[in-house]
Amino acid sequence: MQQQQALTRYLRDPDHQSPPADMNAARVNIYRDLVFNNVSQLLSGTFPVLIRIIGEQRWGLLVRGFLRDWRAQTPKFGEIAESFLDYLATQPQVIREGEWPAFLLELAHYEWVEMVLQQSDAQALPATDPALLLDRPLQISALAWPLAYAWPVHELDPNHQPATPPAQPTLLLVRRAADWSVKFSELSPLAWRLLQRITEFVSLTGREQLQGLAREAGQTASSSFMDNGLAMLREMHEDQVIGLAP
């Protein structure tokens, strides 16, 4: 038991822990490299843009810190990326002691969302009649996520790393299409708020949602506003982002 505990401590933190004295050093180091490389490879498929921006060396620091400091609660490979995201959100020692992009956590979350939607077991909304969008309560597909970020996460790459966030938040819709591809699109503030309202006020009809949206925006629910709102609902319905609530 003591040997196993010593080996575990060393595999997690080889920079500060000693390997078991009675184990072959070459074999122990093979285990060390296997553990690190396996975790790094599992995570790297989820965060490719982040890795290109920070580089392989600093990526290795994050993975090593994750192995050392975090106690994941899941044995499932698909959930390790979520544990890594939770780890980054705690502002761990490796983040506090280094110089990292201010957008690191938001970019990691944005990339993680794509993986989650690709692997989700959620079902698409059933087909419903778009002619009833104004007359019935609505629902949002579990495969469509409206998101808000301080940083333009969808534009970040090694050649575009702004030092400060823009004045306005970045509002995005990430959804899985019928062919299982993950689509990303920008949302207007009104469209983003409409999707929020559908989640918050589940009993309201589409017409009532648009009327409430107009009030929040300081506008009247004019025929022009309602026509534009209905066009927005129809587009979201066609893309299977929303449907009629059961």
Want the number for GLN93 to VAL35: 0.36 nm per residue separation, take away the alpha-carbon distance, what's left? 18.8 nm
Where is the GNM fluctuation largest for the chain (alpha-carbon springs, 10 angstrom cutoff): ARG68, ARG58, ARG27? ARG27
Assign one of three labels to segment 132-184, namely rounded, prolate or oblate, based on the Cα gyration tensor with a ≥ b ≥ c the square roots of its eigenvalues; rounded applies when a/c is under 1.5, prolate when it is not and a/b is larger than b/c, and oblate otherwise. oblate
Quick calc: nm separation of the 7 Å Cα→Cβ label points for SER203 and GLN219 -> 2.8
Taking each full run of DSSP H in the chain as one helix, which ones are at least 20 Å long along their axis (Cα atoms) and have mean Kyte-Doolittle hydropathy of at least -0.5? 25-44, 48-69, 104-119, 223-238
Gaussian network model of the chain, springs between alpha carbon atoms under 10 Å - residue of ALA131, ALA191, ALA214 with greatest fluctuation: ALA131
With each pseudo-label sitting 7 Å past Cα toward Cβ, what's the LEU61-ALA148 distance in nm, one decimal? 3.2
For segment 197-246, what does the alpha-carbon gyration tensor say about shape, rounded, prolate or oblate, given a ≥ b ≥ c as the root eigenvalues, a/c under 1.5 as rounded, and a/b over b/c as prolate? oblate
Taking R0 as 41 Å, what FRET efficiency do you get between GLN168 and ALA26 from their Cβ-Cβ distance, rounded to the nearest 0.05? 0.15
Take the Cα pairs of the chain, get the Kirkwood Rh, then feed it into Stokes-Einstein at 37 °C and 0.692 mPa s and tell me D in µm²/s. 157
Report, to one decimal in Å, the Kirkwood hydrodynamic radius for segment 130-244 based on all distinct Cα pairs. 15.2
Which residue fluctuates most in the GNM of the chain (Cα springs below 10 Å): ALA89, ALA150, ALA231? ALA231
Mean ellipticity per residue at 222 nm, deg cm²/dmol - from DSSP H runs of n ≥ 4 across the chain, formula -39500 (n - 2.57): -16500 deg cm²/dmol
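Net charge near ARG197, counting Lys/Arg +1 and Asp/Glu -1 over other residues with Cβ under 10 Å of its Cβ?
With Lys, Arg at +1 and Asp, Glu at -1, the net is -2.
Read the figures in this text as sums done on the coordinates, not as results from a lab. Since the structure is predicted, the reported quantities are computational estimates derived from the model, not experimental observations. We place every Cβ from the backbone using ideal geometry, glycine too, and count neighbours over all the protein chains shown.
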